[in-house]
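Structure, as structure tokens:
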Amino acid sequence: MIPLTANPINMLKLQAIRLILAVMGVGGALMMVLHGMNPQTPPISQVIPPLTAIVCAGLLVYLSRYPQSSQRIIHILLAWSLTIIVLPEYYFLLTAILDPRQRLIDILPPLAPGIFLLTSYTIVFLNPYAFLHVTLSLWAIMAGPIVFYLLWHPQELATPRGLDLMVALLPAMGMNIGLISLYSRLQDTIRQFDHERFSLKEASERDALTGIYNRQAGEQILQGFMGQMDQTVGLILCDIDHFKQVNDRHGHLGGRSRDSIDSEMLANSFA
């Protein structure tokens, strides 16, 4: 059985996960230092950066010990990324709603790049059948409240920061989701081509009656073994006795049936 990490796509995903965790961890540590230098930093901005650094460091250690758990790490990473974006957003949104003296455009940190990055993660890490729905859900959770707030407060919407947020969260985000949708369809097409290519390859290499490898495929397998000079290879040759008598007594249909039974028995014996 081929290890999960031997797959080139899985290896690429592992490298991407390590890179993202390392960048997020370093970013969390840097933000912790910068926020520590500002005595007026809100409490939530003092808590999230060190937690992010700790979580990313822990996930890196866990991934190095259990690389086969990459899919679980992906889900945890996406969940944590959503948490560190949504919690500050909702915190400052509630602050602006409950305190009329506070304007959201003045206290909201730059979350739009994080929203774009998080939705882009879904292209790399999630199943193509799922990431479009996940992206739409992420947009509704993260961008929806800010959009409704700005529409409810047109005086803030009319400011440069308000217009910038609205453009980033509506048309720009819509284009991003549209590209993700096109990418999803492209992945489906590529998957269908791969399935058809695999089916044609199987049909060209296996005997239609018995399902075992034909002579052409057998010769290719033998050539592959012969190229591995550092390994010991054994070859078993066998013959079916009195097969002509089976054909003569039971006809070609009986012979083909016996041929199929013998092939299945041999395949199961050496599986």
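Computed on the range 4-200, with alpha-carbon pairs under 8 angstrom and 6+ residues apart, the relative contact order is 16 percent. This ranking places Leu150, Leu237 by how few other beta-carbon atoms lie within 10 Å of each, fewest first, which gives Leu237, Leu150.
Cβ crowding within 10 Å ranks Met24, Met166, Met37 as Met37, Met166, Met24, fewest other Cβ atoms first.
Amide H contacts for Arg206 (H built 1.01 Å from N in the peptide plane; partners 5 or more residues away or on another chain; cut-off under 5 Å): Asn214.
With a simple spin-label model that places each label point 7 Å from the Cα along the Cα-to-Cβ direction, the separation between Asn214 and Arg101 comes to 8.4 nm. Each other residue within a Cβ distance under 15 Å of Phe125 adds +1 if Lys or Arg and -1 if Asp or Glu, for a net charge of +3.
In terms of surrounding Cβ atoms within a 10 Å radius of their Cβ, His153, His242 rank from fewest to most as His242, His153. Would you mind classifying the range 4-200 by shape? Square roots of the alpha carbon gyration tensor eigenvalues, ordered a ≥ b ≥ c; an a/c under 1.5 is rounded, otherwise it is prolate if a/b is larger than b/c and oblate if not. It comes out oblate by the Cα gyration axes.
Values quoted throughout were computed directly from the atomic coordinates according to the rules given, and no laboratory measurement underlies them. On a predicted model such as this, the values are computed, not experimentally measured, just so you know. Glycine gets a Cβ as well: all are built from the backbone with ideal geometry, and neighbour counts include every protein chain shown.
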